[in-house]
Amino acid sequence: MSQNELIERIFHEPSRMAIMSALCAADDGLTFTELKDSCALTDGNLSRHLKALEEFGAVRTEKAFVALKPRTTVRLTQVGLARFREYLDALEDVLEKARQALPTPRKTTALFAARPARA
């Protein structure tokens, strides 16, 4: 698989990267509200991104009632974790190549050298 193929467009969207990153740090998943607050998203935005990630197989949502209130919990799937890890590795490689391609910074002289104060 080429590097460009590993740069999954599904993860490349900043909100989805935030969602995946938050879920990576949560062994037991996060509730919809916790994830929404962690990623600073609206209910609608989070729902839309979760739908795309769920269709891709990266996350799964579980709905349950807790104390008679509905609770949605979002968890990473094993496939989602593996694909996100591949994505991060590929992105790291691309960034390193870009860093290496940058010109070496030259030592610059100050435009305005410090001058003694006038009396």
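With neighbours defined as other Cβ atoms within 10 Å of a residue's Cβ, the residues T33, T61 order from fewest to most as T33, T61. Label-to-label distance for D93 and S47 is 3.9 nm, based on points extended 7 Å past Cα in the beta-carbon direction. Going by neighbour counts of Cβ atoms within 10 Å, the residues F56, F11, F65 line up, fewest first, as F65, F56, F11.
No value in this document is a laboratory result; all are computed from the given coordinates. Just so we're clear, the structure is a prediction, and the values are computed from it rather than from any experiment. Cβ atoms come from the backbone with ideal geometry, glycine included; neighbour counts cover every protein chain shown.
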